[in-house]
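Written out below as structure tokens is the structure these notes cover.
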Amino acid sequence: MKDFFKGKFTLTRRLFQIGTFLFFLAVYYTSHKQSFLLGTFYSFKLGPIHIVDPFIYLTYLGRNLLKADLFVWTVTGFLIPLLIAFLFGRVFCSWICPYNFLYEILDFLKTHLFRKKPLIYFEASPKSKKVWLALALALGIFIPPFPYYILMPGLLSVLLHQLVLHLYSFILFSLLLILMVLFVDLFFKKRIWCKFICPTGLILGMARWKGGLRIIKRKDLTCKECALCSFECPLGLTPHLGNHLEDCYNCGRCVDICKGLRKKENPLDFKFL
Amino acid sequence: MFKTKFLRPPGAVKESEFVKKCIRCGKCQQICPYNSIVLTSWENPFYFGLPYIIARKKPCYLCMKCPPVCPSGALDRTLVDKNKVKMGIARINRDTCWAYQGSFCRACFMNCPIFDKALKMTDELLPVVIEKYCVGCGICENVCPVEPSAIIVEPLKD
Ligand code: SF4
Ligand code: SF4
Ligand code: SF4
Ligand code: SF4
């Protein structure tokens, strides 16, 4: 990634990401005084509605089966992320998730400071992703703490709250987990974690509807095959070949690059419906 | 090696269920105005992220703000009456408690929020815990002048 803010979508997205960070900071500093907005990325309380991470909620249901508390506001909240994913794809990952933001910052620094090739290349087939997701759900059901160890957005936002409270022993513990994942992620070909491992991302990706928000390569406009979009894609996908849909998280980076090239003829664009 | 007994926030379901139910969202920790609730990390990685209270540092003051914000039913969100809370039961160590050693001390008695019910002074001198009324908030453990505390809250077993 060469430019951090350039481009219409990228700029909006950065504002969103910074806004999310500030928003949570504000929530943490006021949480003693109000109970309207509370929570982390595991589960966020918006008035009476508890928006819950689908992976966390599915393992919760599995763990408790008949004894699960089917609180109507939590069940509603569980459906909200799925609905958003159904319509807009994995926008949570690209526009909100703090882990993605952190990673993009590091990725930006990496391209400017090291310019190294990834050490290990890794690709996974759609089928193996489903197998892993099933395994992750089973592990989450039988080992209660498991989901909380691998949920990067949750870990980061809890970490932020513990910073506000000055509870440093917890911070050290979760920082270690986050650094481990970052370490893996930075050495593999782009974003092995977000593309193949993070169960939340996998579930949101599967909830996606083909007719929802997506990137298309228009056939009526000529593509120069410069592949700049593919170099810039934070997930290491290949939008210039038009085969990127499955993992793409709708960040709009490729559209920005494409639009920046030529003012009128840009084959890459967002499409909804 | 690892800590296994944890004092859960008020309204918590029994321990074996709490571990499965709590989704570790930290909302109870956020709403607590006294910062009584902390999250588990090194103390026991198997309980990673579960909320608990270290009474000696900061007890629960029974403001009852945390049960209603719990999304998972790990805390009973209908609980409002602090007298109905049951987090644990206080136990007095008669070998170290100053009152039992012959000095005059009524720190726990004076501070107990279930005043004159959960803790009674027999003959106005010796504190006794009445198990039926003690809610296990840990305020007594917190104020006890003896080091380590001569009155300690034992979290409820299953
Ligand atoms: S294909 Fe485009 S929109 Fe999709 S992740 Fe890559 S850069 Fe972002
Ligand atoms: S009842 Fe009040 S003081 Fe006690 S743990 Fe809950 S929020 Fe904190
Ligand atoms: S609010 Fe409920 S689910 Fe969330 S951490 Fe506290 S006890 Fe667990
Ligand atoms: S005896 Fe101690 S733990 Fe029990 S209610 Fe009184 S102060 Fe709380």
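Using the C-alpha gyration tensor of the range A:88-196, what are the square roots of 5 times its eigenvalues, in whole angstrom, with the largest one first? Before the final figure, lay out the partial values.
Numbers: eigenvalues 105, 94, 36 Å².
Whole-Å semi-axes of the equivalent ellipsoid: 23, 22, 13.
Across q = 0.13, 0.22 Å⁻¹, the range A:15-154 modelled as identical point scatterers on its alpha-carbon atoms has Debye log10 I(q)/I(0) values of -0.74, -1.50, in the order of the q list.
What does the helix-only formula give at 222 nm for chain B: each DSSP H stretch with n ≥ 4 adding -39500 (n - 2.57), the total divided by the residues, and the result rounded to the nearest 500 deg cm²/dmol?
Working: 4 runs with 22 residues, N = 158.
Calculated mean residue ellipticity at 222 nm is -3000 deg cm²/dmol.
For the range A:192-249, which GluC sites (Glu not before Pro) are both in a DSSP coil and crowded by at most 10 other Cβ atoms within 10 Å? Please report the intermediate quantities before stating the final value.
Working: sites: A:E225, A:E232, A:E246; in loops: A:E225, A:E246.
Passing sites in the range A:192-249 are A:E225.
Using the alpha-carbon positions of the range A:117-273, Rg (one decimal) and Dmax (whole number) come out as 18.6, 58 Å. Pairwise Cα distances in the protein assembly as shown exceed 42 Å in 26 percent of cases. Extent along the principal axes, Cα only, for the range A:147-188: 35, 17, 12 Å, with the longest axis given first. Counting only alpha carbon atoms, the long axis of helix A:54-64 and the longest principal axis of chain A meet at about 30°.
Could you work out Rg/(2.2 N^0.38 Å) for the range B:89-144, with Rg from alpha carbons only? Kindly include the intermediate steps, with their values, before the conclusion.
Details: Rg = 10.1 Å, N = 56, 2.2 N^0.38 = 10.2 Å.
Compared with the compact-globule rule of thumb, the range B:89-144 sits at 0.99.
When the P(r) of the range A:214-271 is calculated, the portion above 20 Å amounts to 10% of the C-alpha pairs.
To the nearest ten degrees, helix A:168-187 and the longest principal axis of the Cα atoms of chain A are 30 degrees apart. Only alpha carbons enter this Debye calculation for the range B:15-158, each as an equal point scatterer, and the log10 of I(q)/I(0) it gives at q = 0.10, 0.17 Å⁻¹ is -0.36, -0.95. Pairs of Lys residues in the range B:9-117 that lie 8 or more places apart, or on two chains, and have C-alpha atoms under 16 angstrom apart add up to 9. The alpha-carbon of A:K219 sits under 15 angstrom from the alpha-carbons of these aspartates and glutamates, leaving out residues fewer than 8 places away in its chain: A:E265, A:D269.
Values in this text are rule-based calculations from the coordinates and carry no lab data. Keep in mind that this is a model prediction, so the values were computed, not measured. Note that we place each Cβ from the backbone using ideal geometry, even for glycine, and neighbour counts take in every protein chain shown.
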